[in-house]
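What follows is calculated from the coordinates using simple rules that are stated; it is not laboratory data. This structure is a prediction, so every number in the text was calculated from the model and none was measured. Here the Cβ is made from the backbone with ideal geometry for all residues, glycine too, and neighbour counts use every protein chain on show.
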Amino acid sequence: MFRRRRPLLRAAAVGGGAYIAGKKVAQRSAEQGQQEDEQNERIGDVEQQQEQPGADQEVPTPDQPAPSMLDQLNQLTALHEQGALTDDEFSSAKAKLLG
């Protein structure tokens, strides 16, 4: 006895599998887009917080005098000695401060 082929059944099975796979790809793409949107929103919030001085950041007020040049030089020297500033950075910052 020989077997009959069922092309319609095979086509339906292949088409159904492709449909489900396509839906999964679309769903993953939508989820990834949503995650990117949320990440962009968080980055925007952080950037806005950095632009606006918060309670934890010191904002100079008219009551507070600006630090003197000597204080600023001492701070630069301390940063240089700690290794936070390279020789070039220290020289350029000192030149900028001294005018």
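Within the shell of other residues whose beta carbon sits under 12 angstrom from the beta carbon of Asp45, the net charge comes to -3, with Lys and Arg scored +1 and Asp and Glu -1. P(r) for region 7-50, from all Cα pairs and a bin width of 10 Å, is 26, 25, 18, 15, 10, 5, 1 %, short bins first. Full extension of the chain between Asp71 and Leu98 gives 8.5 nm of extra length, using 0.36 nm per residue less the Cα-Cα distance.
Taking amide hydrogens as placed 1.01 Å from N in the peptide plane, the amide H of Leu85 sits under 5 Å from those of His80, each at least 5 positions away in sequence or on another chain. The slack between Asp88 and Glu41, meaning 0.36 nm per residue of separation minus the straight C-alpha distance, is 13.2 nm. Our coupling estimate for region 72-86, obtained by passing each phi through the Karplus curve with A = 6.51, B = -1.76, C = 1.60 and θ = phi - 60°, is 5, 5, 4, 5, 4, 4, 4, 5, 5, 5, 6, x, 6, 10, 7 Hz, Gly and Pro reported as x.
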